[in-house]
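The values are calculated or read from the model by the stated rules, or taken from the named source; none is laboratory data. Given the structure is predicted, the values throughout are model-derived calculations rather than measurements. Counting neighbours? That spans all protein chains shown, and the Cβs are built from the backbone with ideal geometry, glycine included.
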Amino acid sequence: MILLQKKLIIPSIIIFSLVLISPAIAEEIDTDGDGYSDQLEIANGYSPYTPEPFLLTENDADQDGLSDYWELKFQTDPQQSDSDQDGYFDGVEIDYAYDPLSAQSDRLSQRIEINLSEQKLFYFLDDQLWKEFLVSTGKASMPTPQGEFEIVNKNSKAWSNTYKLWMPYWLGLANGSFGIHELPLWPNGYREGENHLGKAVSHGCIRLGVGSAQYLYDRLEIGTKVVIK
């Protein structure tokens, strides 16, 4: 394997198995036996768990649905698909905001940030940016409120009395006067705004595309912090 001169910068990555040993020994550990130390491979953005030149973000050594990059970030075992031995793959647990290092159903912290200028929603798990989605927020005449909020209610198929349409996968904010939801659906089946994602054209709510709205709805709890700026 040839390491590229152009290195990927991956901040704050630590292999938990190297923490308690000396730097000299750490420099000699070569898990995949390819002639390059784990420390050197990680510093260059490569996975130390395969002799093939796969990046940390590309390789999933234990096939648990979590790349080696995320294994290092969440300090799970990159060579064990179920680090806490609770019967669930690490990738599944993290994706549903459960702690993969605890067999007691402990939760990871969740946070949503919405950037109005970028028209993007960012989903954080334990302060790690896990997912991002394109959104459509309020138009100039009906801007989306800014500030810090919490999810106050959820409804898989909320009805708007004002606009007479459905707002699937509703996550209510503030007093429930606005929220995050899937692209609106009219009673006749017409889906509003399918070409509006990335544009500020809503009536103040944060609209998500089909699929991404349900993804967040299924994972976010009432009380989750939402920052809009």
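Taking segment 118-134, which residues are touching a helix residue (DSSP H, G or I) at 6+ places or on another chain (Cβ under 9 Å) and either touching a residue at least 60 places away in the same chain (Cβ under 8 Å) or among the hydrophobic types (A, V, I, L, M, F, W, C) (or both)? Matches in segment 118-134: 121, 123, 125, 130, 131, 133, 134. The listed residues are 56, 72, and the only one of them that is under 22 Å from residue 126 (Cα atoms) and surrounded by 22 or more Cβ atoms within 10 Å (Cβ to Cβ) turns out to be 56. With closer than 16 Å to residue 113 by Cβ and touching a residue at least 12 places away in the same chain (Cβ under 8 Å) as the only criterion, which of 207, 191, 219 stands out? Answer to the selection: 219. In segment 38-67, the residues that are touching a residue at least 40 places away in the same chain (Cβ under 8 Å) form Cβ pairs under 8 Å with partners that are among the aliphatic types (A, V, I, L, M) and buried (at least 20 other Cβ atoms within 10 Å of the Cβ), at six or more places apart or across chains, as follows: 46/56; 56/42; 56/72. Within segment 141-154, residues that are under 13 Å from residue 116 (Cα atoms) have Cβ atoms under 7 Å from residues that are of a type in the set (Ser, Thr, Tyr) and surrounded by 13 or more Cβ atoms within 10 Å (Cβ to Cβ) in these pairs: 144/137, counting only partners at least 6 apart in sequence or on another chain. Scanning segment 24-46 for any residue that is under 30 Å from residue 228 (Cβ atoms) and either at pLDDT 95 or above or over 20 Å from the mean Cα position of the chain (by Cα) (or both) turns up nothing.
Evaluate segment 80-100: report whether one residue or more is at pLDDT 95 or above, of a type in the set (A, V, I, L, M, F, W, C) and in contact with a Lys or Arg (Cβ under 7 Å, 6 or more places away or on another chain). Yes - at least one qualifying residue is present in segment 80-100. Of all residues in segment 109-129, those that are in a strand (DSSP E or B) and of a type outside the set (A, V, I, L, M) total 9.
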